[in-house]
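All remarks here apply to the structure that follows.
The values are calculated or read from the model by the stated rules, or taken from the named source; none is laboratory data. Not measured: the values here are computed from a predicted model. Heads up, the Cβs are rebuilt from the backbone with ideal geometry, glycines too, and the neighbour counts pull from every protein chain shown. Just the protein is used for accessible areas: all its heavy atoms, side chains included, with ligands, DNA and RNA removed. Shrake-Rupley method; radii C 1.70, N 1.55, O 1.52, S 1.80 Å.
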Amino acid sequence: MPAVCLYFEVHQPFRLNRFSVFSIGERINPAGTYFNHELNEKVFEKVARKCYLPTNQLLLDLIERFNGRLKVSFSITGTFMEYCDAHMPEVMESFRDLVKTGCVDLISETYYHSLASLFDDLTEFEEQVKLHRDTIMSRFGFTPTVFRNTEAIYDNRIAKKVEELGFKGIITEGTEKVLQWRSPNYLYKPVSSGNLKVLLRNYKLSDDVAFRFSSVEWSEFPLTADKFASWVAGSEGDVVNIFMDYETFGEHQWPETGIFEFLRHFPQEVVEKHGLEFVTVGEAVNRFNPVGEIDVPFAISWADTERDVSTWLGNDMQVACFNELKEIGRMVKEKDKPELLKLWRLLQTSDHLYYLSTKGLADGTVHKYFSPYEHPYEGFINYMNILQDLKQRVMSE
Amino acid sequence: MKIAMIGWEYPPFKVGGLGTHCYGLTKALADLDVKIDFFMPKFSSGKPEGSKNLNIKEVGITKVFPYDRPYEEALDDDFFESVYTYNRLCAEKINGCYELVHCHDWLTMQAGIAVKKKLGIPLVLTVHSTEYDRCGGIYPNEWFINIEKTGMENADRIIAVSNFTKRIIVEKYGIPEEKIRVVHNAVSPIGEGKKRKKVVLFLGRLTIQKGPEFFLRAAKRVLDKEDCLFVVAGSGDLLPRLVNLAVKLDIADKVMFTGPLTDEEVKHIYQISSVYVLPSVSEPFGITALEAVSAGTPTIISKTAGVSEVLKNSLVVDFWDVDEMANKIVALLRYKPLHKMLSENAKKEVTFFTWDRTAEKTLEVYNEVV
């Protein structure tokens, strides 16, 4: 029977202010004008009260109750930690309490939850990974051994770089594009790599909770802890990787859906009824051996149905902004101005490009749900105006 | 099914969107095998052509007038006399075996009610605009409102051209929602032409309702940043005021007033423009936005225009927010990927707005009452 690996992504972006073309070059304090602090604070506090604080408390209780047999892993982005510092230090404190139990693993990533891994030059990527690693060390006294790139973006090139940076494992999506007939419930190794191990998200079981949990049209509705645990126990393989946004608990799925009850009962079902074991991502990487290789020449991710990078770079507007970011980066790096570097990096957060996706126009409401803009076109104008302003600032330095 | 439809204008004689609408709708309904007798005023020369299932019937003689609220100076006895005469003649002359009577806006409502009563058949009323739209929020005229209200009350079903208009009918005229169906307008695509460099277009009657003043004020803001040409196409009672405003804002050399345009000229101007702006204060639908995008021209639409409900690939603004309007105009002029995506996506989207679809939905409404 497989082990169970629970991992949650914890992230909040710095959402942007409305920035008109007439503000470009006006030289108003950019940290104040680029980012909508009021909105960001409001969203953060709301999500903290609905999700972070209650879910952390619940997990802490459960870890105590099961005497260390429940284990979870988190990736906490740099921008998220900055929110905690600025608005609610108690949220950071509650994560620290969880880490102190010894049952919690922390995962490495780019500090700014950025797309730096898709730049042709990986220097910036490396710098952001190190920045995140240092921050996790100073906040938690913890050194992550497993890496998860922004939204699980992965290809051979990224895997190679991540191995160079000293990680033992990397997380990505268990998509058929890569696996074909093979199961995501085993570890793999990247083609032509040394010892890096790849953990693959079991997207079916993960999305049963993250997306389908409260969907009344779903034939398996309602999803109980009992039923879900039996699906997990019935899976073949070494480890079932159930990875999702942490905000699933209490935010994407509201408390009324019964999501907290589900989480409360799940460990009991897993450990006591089915006799399975929880593992952290670090333990999974240490314990299991790869059963095969995966070859990923083109980037995959866990986003949308395409499971590629089209969520961020799927249309001309997104590509234009991404190229502008790259261009500004080239200039920023030539100047020694930490405050401009910081602004450039905050603008790299992948959410800014995600909001410009036009896929939602045809199919999903998912993009719209997360977007602060009424429309991707609005998002583009706003983001591009800000990029133009930053570019002018950098050039005039 | 055989119906009587009472109109006011029909191509080649048209002064507003009502003629275009009636043309598109009647042709498509005829294709769905609805037999239509279309009644309209008789003009001094020529006669529009009918087709299979569609008979154009002229009633009496009248001059051509704007189909909605006339300009201040035209608000005289002549105009009302014409409307009155036309409605009376329709009421007299429409006889025979119809399953329902369908009329459009206040101009034809009284005839609609009379025919309904005389022949004992259901009345369907399409509301293209109301007095609250036309007055642009200033001094709505009770005389029109009363005609509209009576028409709406007597109609068995009301077709609103947008949810925006439906809300006005419910809120301002106190009509129960259950009686109202929303059927959005369609467009006959114009086709793409060769774009000129940086032309920003306003096209519509120059009345308070259409918001041309906001267009000029946004133009002033844009011209601080970009060199481009603003075109104000159309005529109307605000023309002298607008010309003065352009001079006052010191942008007269960058604003072109075209006066009234022929159909061919309208097509051409849509095609060469880089941005189309519909800044209406209150616009039941706004078919020009669909025409512009069908010519490959990205469009900025007022939030108080019905078309903004359905055209996803467009930019929307509050008509009064000239800074934001200017921001969006500049963005479209500067950022090519934005311009390209809006142009391409909107062009694709607009192919779904066909008169066949509008006719099918209209027929569903007919079937509810017969």
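Structural remarks
- Residues of segment A:334-391 satisfying the condition of being modelled with pLDDT of 95 or more, within 14 Å of chain B (Cβ to nearest Cβ) and surrounded by fewer than 20 Cβ atoms within 10 Å (Cβ to Cβ): A:Gln388, A:Lys391
- Pairs where the first residue, in segment A:370-391, is over 13 Å from A:Tyr355 (Cβ atoms) and assigned by TED's automatic domain parsing to the domain that holds A:Leu356 and the second is of a type in the set (Gly, Ala, Ser) and not in a helix (DSSP H, G or I), C-beta under 9 Å, 6+ apart: A:Asn385/A:Ser20; A:Gln388/A:Gly25; A:Asp389/A:Gly25
- Count of segment B:322-339 residues which are touching a strand residue (DSSP E or B) at 6+ places or on another chain (Cβ under 8 Å) and outside any helix (DSSP H, G or I): 0
- Lone unmet requirement of (1) touching a His at 6+ places or on another chain (Cβ under 9 Å); (2) within 14 Å of chain A (Cβ to nearest Cβ) for B:Lys361: (2)
- Qualifying positions in segment A:105-152 - farther than 18 Å from A:Asp351 by Cβ, open to solvent by less than 50 Å² (accessible area, probe 1.4 Å) and small (Gly, Ala, Ser): A:Ser108
- Evaluation of B:Gly137 against (1) at positive phi; (2) open to solvent by less than 20 Å² (accessible area, probe 1.4 Å) (one fails), failing number: (2)
- Within segment B:200-241, being among the aliphatic types (A, V, I, L, M) and open to solvent by less than 10 Å² (accessible area, probe 1.4 Å) holds for B:Val200, B:Leu201, B:Leu206, B:Leu216, B:Ala218, B:Ala219, B:Val222, B:Val231, B:Val232, B:Ala233.
- A:Val4 meets each of the listed conditions (1) within 18 Å of A:Tyr83 (Cα to Cα); (2) of a type outside the set (Asp, Glu); (3) more than 14 Å from chain B (Cβ to nearest Cβ); (4) touching a helix residue (DSSP H, G or I) at 6+ places or on another chain (Cβ under 9 Å) apart from (1).
- Within segment B:1-36, considering residues that are more than 22 Å from B:Gly60 (Cα to Cα) and of a type in the set (A, V, I, L, M), the one surrounded by the fewest Cβ atoms within 10 Å (Cβ to Cβ): B:Leu32
- Check on B:Phe230, part of a strand (DSSP E or B), under 22 Å from B:Glu324 (Cα atoms) and touching a strand residue (DSSP E or B) at 6+ places or on another chain (Cβ under 7 Å): yes
- Filter pass, A:Ile63 being without any contact (Cβ under 8 Å) to a residue 60 or more places away in the chain, assigned to a loop (DSSP other than H, G, I, E, B) and either among the aliphatic types (A, V, I, L, M) or not assigned by TED's automatic domain parsing to the domain that holds A:Phe142 (or both): no
- Residue selected from segment B:328-346 under the condition touching a helix residue (DSSP H, G or I) at 6+ places or on another chain (Cβ under 6 Å) and in contact (Cβ under 8 Å) with a residue 60 or more places away in the chain, by the criterion surrounded by the fewest Cβ atoms within 10 Å (Cβ to Cβ): B:His339
- Subset of segment A:187-234 (residues that are within 21 Å of the chain's Cα centre (by Cα) and part of a helix (DSSP H, G or I)): A:Tyr203, A:Lys204, A:Leu205, A:Ser206, A:Asp207, A:Asp208, A:Val209, A:Ala210
- Identity of the residue in segment A:18-38, open to solvent by 50 Å² or more (accessible area, probe 1.4 Å) and part of a loop (DSSP other than H, G, I, E, B), that ends up farthest from the other protein chains (Cβ to nearest Cβ): A:Asn29
- Members of segment A:63-90 found to be among the polar types (S, T, N, Q), out of contact with any Lys or Arg (no Cβ under 8 Å at 6 or more places or on another chain) and at pLDDT 95 or above, listed by number: A:Ser73, A:Thr77, A:Thr79
- Residues being within 13 Å of chain A (Cβ to nearest Cβ), part of a loop (DSSP other than H, G, I, E, B) and either buried (at least 21 other Cβ atoms within 10 Å of the Cβ) or out of contact with any Ser or Thr (no Cβ under 9 Å at 6 or more places or on another chain) (or both) - total across segment B:300-321: 6
- On inspection, B:Leu18 qualifies as under 22 Å from B:Phe353 (Cα atoms), in contact with a helix residue (DSSP H, G or I) (Cβ under 8 Å, 6 or more places away or on another chain) and modelled with pLDDT under 95.
- Those residues of segment B:258-282 which are away from chain A (no Cβ under 14 Å), open to solvent by less than 30 Å² (accessible area, probe 1.4 Å), out of contact with any Asp or Glu (no Cβ under 7 Å at 6 or more places or on another chain) and not in a helix (DSSP H, G or I), in sequence order: B:Gly259, B:Ser273, B:Ser274, B:Tyr276, B:Val277, B:Leu278, B:Pro279, B:Ser280, B:Val281
- Set A:Glu277, A:Glu324, A:Glu269, A:Glu306: member being surrounded by 14 or more Cβ atoms within 10 Å (Cβ to Cβ) and within 14 Å of another protein chain (Cβ to nearest Cβ): A:Glu324
- With respect to (1) buried (at least 17 other Cβ atoms within 10 Å of the Cβ); (2) not in a strand (DSSP E or B), the lone exception for A:Asn241 is condition (2).
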